[in-house]
Each structure stands twice: as C-alpha cells, then as structure tokens.
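Heads up: the structure comes next, in structure tokens.
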Amino acid sequence: MKKKIIMILTLSMILSVTLFLMENVFKASDKVVKRNAYGEGEKVTEYEVSVDGEEGTIEIEVEEQEYSEKDVQKMFREVMERLDEVILGENESFNRVEKNLNLVTTVDNYPVRIEWQLDSYSVMNLYGEIQEDNVVPGGTLVELRGIISYRDKEAIYVQSARVYPLTRSGMDKLLYELKNEARRIEESTRQEDSFVLPEKIGGRDITWTQKKENRWHYVLFLGIAICVYLVYREQERAKRETRKRAESLLRDYPGMISKFTMLLSTGTTLRSAWEKIVQNYEQAKESMGTHPVYEEMLSTLHEIQGGVSEAEAYEHFGKRCGSSTYMKFGTLLSQNLRKGSKGISDLLRMEAIQSFENRKNTAKRLGEEAGTKLLIPMLGMLAVVFIMVMVPAFLSMQL
C-alpha cells in the first residue's frame, strides 16, 4: 500500500512541476492572435496584461477570417455549380421535375445562406415540395430564384424547372386515384358524422382494412428478454451462493478444527467429538446463524446414524465441502479409524496452526486486492485532472 501511495504522490508532483514550468517559466509569446478559419465564427480571447508593472485583464473579440472580394466571387460561382446538382434531388433534369426539389438554405463547406423566391407558390412551396393538385399534365414552368448571401455581399441564382405530375402506373396509379376519390368524398360530407369509402374504382372491387400496429413481436421479444434475464439472474445467484459458501467454509475451518482438537485432547473419541460439536451448533444456531461446515457435519452425523461407516462418512464430508483442506481433514480421520494411526491429536493441532496461518495470509491478500481495486479509480481521477489541466495549457501555448 505504501508503494501505491508513493507512486500517486510522485505522479502528482511531476504533474505539478510540469504545469509550473509551463505556466511560469516556458511561457510563449501571446502577441500573435490566430483567427478562426472561414465559417468557424468569431471567438473571444482573454488576456492578462502587464503595463509597467501594473496588471489587468482584458477580453478581445476576434472575428473569423474573411474572404477577399475575389474569393467571394469565386465562392459564389462554386456554390451555384453545387446548387445545380443539389436541388435536383431525385429528378434527372430541370426540364422534367416530377419529384420534390431540395431547396437547401446552406451548402456544405461554404459559409453562405440561401433564401428562395418562386414565381408560382401554388405549384411548389419554398421547401421544394410539389403541390400535385395544381400541376397540369402538360407541365408548369416555375422560376426558382435563390439569393446567396455572405455577410453584406449577395449573388442571385436563377433556375427554371418544368414541373409535371408524377408518372404513375399499376398499383401506384390506382392508389393515387383512390386517395383523390376518398378526399373528394370526405370534403363533400364534412357536415356529417361519418362517410363511406368507395367500394369500386375503375371497375375493380375494393376491400378496406384499417391498418393496425402489430405488437405481438414486442410481447414475444419482451418474454424472451425476461426469460434470459431470469436465467442469468439465477446463474449469478448460484455463483454468489457457491462463492459465499466456499468463503464461509474457509473462514470456519480454523475454528472447527480447533474445537475438534481440543475435544480429542481430553480423551474423547472421534464420533463423540463430532456429535458434541454438532450438538453445540444446533443449540446456538438461532443466535449464530447457519454455517455450511456445521451443516455438513450434521449431515455426516445423520449418515453415521443411518448405518454408513464412520470412515466413509468422514470422506464423504470432505468431498461435499469441495475443498482440498476439508478433503485432507476427512482423509485424516478416515485413515485414523482404518489404520489406527497414533498421534491424531498432534496432527490436528498442527493442522489448526497451519489453518490459522493460511487464514491470516488470505486476509492479507484480500486487503491488498481491495487496495489495488481502489487504486484504479484513483489513477483514473488523476488522469482526468491531468487532461483537464494540460489540454487548456497546451492550447493556450499554441494560440
């Protein structure tokens, strides 16, 4: 932990010294003011001014770089060339316009504004949308006038477009005619509370069905999402329970084996010691809560009472706990019963000492891991501070 603190302090000192040198020693001359490029707009720059020892602060408004007269005329010509392509939209030529025009008010990469004027607003509006009801089959000539402006300078863009009704065929033509017929009926029955849609058009029968939003797939998707979430949540819960159980078994091992060793040192048999520990656990269960290791010991006692040999029951205990430590403990007890090994108390005493040491090492490791996890967000915050301070400093030097 000390190394981490020293590292953070070192980084902070390096950052502070770097900023101090940049702001007080390696100051660049700020007499040269850089304008924004064409179209980027004006900017306001704040300066600290020192005049014969007296200091003050001043703000200077800096307009963007302007085009020269020659550049303005060149820009207007380029904009007009772009407009010939842009405003056509999906049409192929101004001699036959059947779809809406794209009467833009700006052009990419050029700092100009465009205002449109038309000689016939009944055929087309200022957005370039064709008013089909007023378009005659032979076409209507519409003059488009665009006023292109840059600051106080203007140029006029003029274009003529012959607007025709949209050429339709097949089902598109029938739908268009049907829409017009439905609109005619609606306009003629506005004093009534309802009207009937036409049943035939061009001698063909019509079936009307009001379109409704299909929502079944939303419900299906929601159901699948809920199922996936429930499965995921159950898996995560099982993982948490397994991890919690393993941690509890590891935490309770030193205490359990110490109790076992103490009882054996008084001359108690393995089974009697086992029963005594389980009995004490059941009496104190309400106050101390459930502990997996003692629950497994209770299950082992039930096995023995049910006719399973002690040696096998102890081995089953170690396997159910699922830890190498408990497997070793169960094997040790089983071998003692089968082979009559002496010195079981001394072996368990050494095991108890070793388990306490392991627990101390585990606690130390967990503490270091917690410190490392805290170090990551701390370094992240330091990096954010570094960026927030260094970027404006570099930008000010460049300006």
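See the values below:
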read-out: Criterion (surrounded by fewer than 14 Cβ atoms within 10 Å (Cβ to Cβ), out of contact with any strand residue (DSSP E or B) (no Cβ under 8 Å at 6 or more places or on another chain), outside any helix (DSSP H, G or I) and modelled with pLDDT of 70 or more) met by exactly one of Glu59, Glu90; value: Glu90
read-out: Search result, residues across the stretch 119-162 that are among the aliphatic types (A, V, I, L, M) and farther than 15 Å from Glu98 by Cα; value: Leu126, Leu144, Ile147, Ile148, Ala155, Ile156, Val158
read-out: Among residues of the stretch 323-344, those that are buried (at least 16 other Cβ atoms within 10 Å of the Cβ) and modelled with pLDDT under 70, counted; value: 1
read-out: Glu236 vs. criteria among the acidic types (Asp, Glu) and either outside any helix (DSSP H, G or I) or crowded, with 16+ Cβ neighbours inside 10 Å (or both); value: no
read-out: Criterion violated by Thr189 - all others in (1) at pLDDT below 80; (2) out of contact with any helix residue (DSSP H, G or I) (no Cβ under 8 Å at 6 or more places or on another chain); (3) over 30 Å from Ile87 (Cα atoms); (4) surrounded by 11 or more Cβ atoms within 10 Å (Cβ to Cβ) satisfied; value: (1)
read-out: Selection count, the stretch 305-325, where residues are in contact with a Leu (Cβ under 9 Å, 6 or more places away or on another chain), closer than 14 Å to Leu250 by Cα and not in a loop (DSSP other than H, G, I, E, B); value: 3
read-out: Which listed residue is part of a helix (DSSP H, G or I) and exposed (fewer than 13 other Cβ atoms within 10 Å of the Cβ), from Ser258, Ser287, Ser299; value: Ser287
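The values are calculated or read from the model by the stated rules, or taken from the named source; none is laboratory data. The shown structure was predicted, so the numbers you read here are calculated from the model rather than taken from an experiment. We place every Cβ from the backbone using ideal geometry, glycine too, and count neighbours over all the protein chains shown.
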